[in-house]
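The structure appears below as structure tokens.
The values are calculated or read from the model by the stated rules, or taken from the named source; none is laboratory data. Since this is a predicted model, take the numbers as computed values, not measurements. Here the Cβ is made from the backbone with ideal geometry for all residues, glycine too, and neighbour counts use every protein chain on show. These area figures cover heavy atoms from the full protein model, side chains too; ligands, DNA and RNA do not enter into them. Shrake-Rupley method; radii C 1.70, N 1.55, O 1.52, S 1.80 Å.
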Amino acid sequence: MTAPTSTPTRVLVLNSGSSSLKYQLIDMRDGSRPAQGIVERIGEETSRLAHTPLREGGGGKRERNGPISDHSAALKAVAEELAADGLGLDSPELAAIGHRVVHGGLRFTEPTVVNGEVLAEIERLVPVAPLHNPANLIGIRTAMALRPDLPQVAVFDTAFHTTMPESAARYAIDVETADAHRIRRYGFHGTSHAYVSRETARLLGKAPEEVNVIVLHLGNGASASAVRGGRCVDTSMGLTPLEGLVMGTRSGDIDPAVTFHLRRVAGMSADEIDVLLNKRSGLVGLCGDNDMREIRRRIDEGDERAALAFDVYVHRLKKYIGAYYAVLGRVDAVAFTAGVGENAAPVRQAAIAGLEELGLAVDAELNAARSDGARIISPEYARVAVAVVPTDEELEIARQSYALVRGADAPDGTAREALVRGAEGSNE
Ligand code: AMP
């Protein structure tokens with residue numbers, strides 16, 4: 001653990017879900033995590049807090065089991081755990097609390113220090129993010145009550161995508177109806193796409209402005225983005241995270257008429273269709289499993305449904321690689337990230353297979369090798385680098401929060417301008 005200094009160097013990153021609260025205390029000097037953890041099943045009898053302090057030689061993980069009634073109680077419990085490690089919320093080393101906020105609409109193009117007006121705007125966006133923004137708001141309000149004097153920074157999942165041109169962000173529907181209901185493509189996972197596209201440039205030894213990257217964030221939720229010179233020009237998620245790639249439980253792209261059909265022919269309600277497409281589709285809908293490890297195991301045993309799910313998943317992925325290649329014109333790198341992207345070599349191999357004419361290839365040995373760090377898996381001769389770049393959304397939130405409140409480059413050397421950019425020139 002690092003000794004106290006007069007300059008605050010730590011950021012507490014909070015990610016509040018509907019029934020969970022994830023947290024990481026990050027030291028900006030070296031990106032280390034003095035403590036991190038999760039509170040799960042908030043509001044139930046069986047809540048659980050798992051807290052992991054950074055200890056030499058590991059160990060020291062603590063658990064609390066028993067009812068934690070709401071997010072306020074959850075954050076208070078987290079504060080107690082942090083205090084027990086000498087890392088309490090009253091620590092002078094804390095520079096800010098950084099909050100993940102899923103939907104920032106068009107208004108929030110960069111990290112923003114929270115005040116009453118910002119809270120009201122996040123609230124106004126609840127209709128377009130009914131599952132996420134309310135939980136994010138509770139997390140922010142609770143943290144503000146505990147440390148009213150400390151800057152609370154909102155970092156939006158949509159912000160990185162606000163540079164998309166209108167041609168990519170607009171749905172081709174009646175403009176008045178779209179505008180009246182703020183219907184357009186916003187995109188999500190922006191914090192990850194920002195981080196990974198920048199880290200990919202670093203891996204290539206170039207500045208972000210010099211490279212065009214296709215980022216494939218393949219976790220349980222999945223999205224692709226086309227990033228030109230550090231700015232997003234297209235992304236696969238839309239008004240909500242449902243659009244685009246095949247995901248663990250979401251369908252991704254689908255003919256919208258499927259929804260009318262289900263209403264008219266199957267008599268399903270809007271809510272039932274919502275659950276079908278968001279929770280019972282994608283890999284789980286196709287084969288009953290959403291974990292790629294399990295799907296690969298089943299394929300190895302000759303399971304045809306698992307093989308079909310894999311093929312549908314990879315086909316969609318390949319389509320997006322081709323589409324974003326065309327959008328960008330010139331591609332320097334394709335970067336795979338998140339749970340599937342970082343770990344599932346067969347997905348990477350299958351998605352890139354057959355794209356040699358586009359300068360894309362994967363070296364079987366490099367692809368199969370395991371490593372925690374960012375690495376290139378394409379052969380030397382390939383014109384376009386294919387990379388595995390582990391994402392770190394918490395570090396990105398901490399970097400952006402720190403850059404904003406300290407008005408400085410991140411202590412690890414990432415330039416402030418790269419972290420806190422307005423979207424000047426957006427929607428061009
Ligand atoms: P994420 O949402 O980024 O945490 O990704 C979670 C998903 O990553 C899981 O549902 C799995 O499908 C996938 N995953 C995690 N580890 C592996 C692995 N070793 N091999 C293949 N897929 C994995």
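Before I look further, what does region 27-167 give for accessible area per residue, probe 1.4 Å, in whole square angstrom?
41 Å²
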Below 24 Å, Cα to Cα, which lysines can K22 reach? Residues fewer than 8 away in the same chain don't count. K61, K76, K279
Most fluctuating residue of T337, T109, T177 in a GNM of the chain with Cα springs under 10 Å: which is it? T177
Relative packing of peptides 251-262, 70-81 - highest average C-beta neighbours within 10 Å first: 70-81, 251-262
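Restricting to Cα pairs below 8 Å that are 6+ residues apart, what does the relative contact order work out to for region 9-106? Please round to a whole percent.
On the way: 181 pairs, mean separation 27.3, N = 98.
Across region 9-106, relative contact order equals 28 percent.
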If N is the residue count of the chain, its Cα Rg over 2.2 N^0.38 Å rounds to 0.98
With springs only between Cα atoms under 10 Å, which of N278, N212, N136 fluctuates most in a Gaussian network model of the chain? N278
On a full-extension model of 0.36 nm per residue, what is the gain between D179 and R296, subtracting their alpha-carbon distance, rounded to one decimal in nm? 37.8 nm
Let me know the volume per residue of the alpha-carbon convex hull for region 178-256, in Å³. 92 Å³
With an 8 Å cut-off on Cα pairs and a minimum separation of 6 or more residues, tell me the relative contact order of region 219-365 in percent. 22 percent
Separation between the D274 and E357 pseudo-spin-labels, each 7 Å from Cα along Cα→Cβ, expressed in nm? 4.4 nm
Averaged over all viewing directions, the convex hull of the alpha carbons in region 152-222 casts a projected area in nm² of 7.0 nm²
The chain, relative contact order in percent, only Cα pairs under 8 angstrom and at least six apart counted: 15 percent
Hey, any idea what % of region 192-280's accessible area is carbon plus sulfur with a 1.4 Å probe? 54 percent
Keeping all protein chains in place, calculate the accessible area per residue for region 207-310 (probe 1.4 angstrom), answer in Å². 46 Å²
Go through L308, G104, V196 and say which Cα lies farthest out towards the positive end of the charge dipole of the chain; charges sit on Cβ, +1 for Lys and Arg, -1 for Asp and Glu. L308
Using packing as a proxy for protection, rank 142-154, 293-305 so that the peptide with the highest average count of other Cβ atoms within 10 Å comes first. 142-154, 293-305
For the pair R383 and D311, the simple spin-label estimate (label points 7 Å beyond Cα toward Cβ) gives in nm 3.0 nm
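Taking the Kirkwood radius as the inverse of the mean 1/r across Cα pairs, report the Rg/Rh of region 360-400. It would help to have the intermediate numbers written out before the result.
On the way: Rg = 12.9 Å, Rh = 11.5 Å.
My calculation of the ratio gives 1.12.
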Binning at 5 Å from 0, report for region 343-384 what percent of all alpha-carbon pair distances ends up in each bin. 5, 25, 33, 23, 11, 2, 0
Fraction of accessible area attributable to carbon and sulfur, region 90-131 (%, probe 1.4 Å): 58 percent
State whether region 312-370 is rounded, prolate or oblate according to the following rule on the C-alpha gyration tensor (a ≥ b ≥ c being the square roots of its eigenvalues): a/c under 1.5 gives rounded; otherwise a/b larger than b/c gives prolate, and the remaining case gives oblate. prolate
Rounded to the nearest 0.05, what FRET efficiency do Y171 and K318 give with R0 = 35 Å and r taken as the Cβ-Cβ distance? Could you check? 0.90
Identify which of A364, A84, A398 has the largest mean-square fluctuation in a Gaussian network model of the chain, with springs joining Cα atoms closer than 10 Å. A84
Could you sort 15-21, 192-198, 219-225 so that the peptide with the highest average Cβ count within 10 Å comes first and the rest follow in order? 192-198, 219-225, 15-21
Residue among P390, A84, A345 farthest towards the positive dipole end of the chain, charges placed on Cβ: A84
Expressed in nm to one decimal, what extension gain is obtained for the pair A145 and A368 from 0.36 nm per residue of sequence separation less their Cα-Cα distance? 75.4 nm
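Over all directions, how big on average is the projection of the convex hull of the alpha-carbon atoms in region 1-146, in square nanometres?
Numbers: hull surface 36.5 nm².
Result: a mean projected hull area of 9.1 nm².
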Spin-label pair D255/A50, simplified geometry with 7 Å Cα→Cβ offset, distance in nm: 4.3 nm
